[in-house]
1. Using a simple charge model, +1 on the beta-carbon of Lys and Arg, -1 on the beta-carbon of Asp and Glu, nothing else, what dipole does the chain show about its Cα centre, in debye to the nearest 20?
2. Using 0.36 nm per residue of separation minus the Cα-Cα distance, give me the extension gain between LEU131 and LEU144 in nm, one decimal.
3. Which of rounded, prolate, oblate describes the range 87-170, given a ≥ b ≥ c as roots of the alpha-carbon gyration tensor eigenvalues and a/c under 1.5 marking rounded, otherwise prolate only if a/b is larger than b/c?
4. Quick check on packing: order 66-77, 110-121, 227-238 by the mean number of other C-beta atoms within 10 Å, highest mean leading.
5. Please give the calculated 222 nm ellipticity per residue for the chain, where each DSSP H segment of at least 4 residues contributes -39500 (n - 2.57) and the sum is spread over every residue; nearest 500 deg cm²/dmol?
6. What order do you get for 197-210, 23-36, 129-142, 88-101 when each peptide is scored by the mean count of other beta carbon atoms within 10 Å, highest first?
7. Over the Cα atoms of the range 228-307, what is the Rg over Rh ratio if Rh follows Kirkwood?
8. Indicate the helices, whole DSSP H runs only, in the chain that combine a mean Kyte-Doolittle hydropathy of 0.5 or more with a Cα extent along their long axis of 20 angstrom or more.
Amino acid sequence: MSTPVAAPKDAAPPRGLSGAVWGALGIVYVVWGSTYLAIRVVVETMPPFLSGAMRFVAAGLVLAVLIAVRQGPAALRVSSRELGSAVLVGLLLLVGGNGMVVLAERSVPSGLAALMVASVPLWVVVLRRVLGHRTPAATLGGVLVGLLGLVVLSAPGLTGEVRLLGLVALLVGSLLWACGSVLAGRLPMPANPLTASVYEMLAGGVGALVLALVRHEPQGFDPAAVSGASWAGLAYLVVFGSLIAFSAYAWLLQRAPLPLVATYAYVNPVVAVLLGWTVLSEALTWPIAVGGGVVVAGVCLVVRTER
């Protein structure tokens, strides 16, 4: 999962963009879209929250070392308020949002999970509306279109083709991710987004570990029983999903037009569906195809109109 783009200012038309911009955008498109496939492979032989704890603690520590080496240890210093805000946002995003996705993908195809999570920008708009943010009519129209797509996507759960609890977990996770995204723009966060990410990931890793202990996941965990594919998937999530893709995304926010960067929100699920279909032979049923298309269309409308 990835944080929805919040558009604080208008962007210029995407003319004369460098190859580096397109390369970074390609990384965000493919890598973040492929994380759903990697999660699906990881949870085949790994406990969901324990694997999440390993992923985010490892990524957070590696990123902290990289920041300390490149910018100096002072770059990791934050105030107590900033630390508290980063911890809260990290818990909402990574334990609540990503944690529900990992839990759901034990019974829900990765492509369907990605399409459900694509609704996050819609919930961000709803939450901001509740908090008093004025929303253009076209944005509200996009939200309604996207919610209609979610109803269609829920059909596999209603017919018994997919566990309904898995779809509910994805819906809850999307709402929690949206809450974390909205709060991140309202709370006193660390000025350096990479530093904020360090504390968010460490908080998410510790939170996931607590849930793993509550679920008694470590007691039944046998590293020798974990498949090589699951270990490879976990390494992919740490290095590519949590380090490389996030760094590319943070760089894009400073170097590329925001509407262009925001297109990841409706490209990621398409990549996830295609990878799940080709690599894991996941079924591409009509509710997934139609509902997914409607959700992506709604998100596209929201991204294009919401500034």
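1. 860
2. The span from LEU131 to LEU144 would gain 2.8 nm if fully extended.
3. Since a/c reaches 1.5 but b/c is at least a/b, the shape of the range 87-170 is classed as oblate.
4. The most tightly packed comes first, giving 110-121, 227-238, 66-77.
5. -22000 deg cm²/dmol
6. Peptide ranking by packing, descending: 88-101, 197-210, 23-36, 129-142.
7. Taking Rg over the Kirkwood Rh, I get 1.04.
8. Those that clear 20 Å and a mean of 0.5 are 19-42, 48-71, 137-153, 164-184, 193-214, 264-279, 286-305.
FYI, it's all coordinate maths here, none of it is from the lab. Computed from a predicted model, the values in this text were never measured in an experiment. Reconstructed Cβ throughout: ideal geometry from the backbone, glycine too, with neighbour counts over all protein chains shown.
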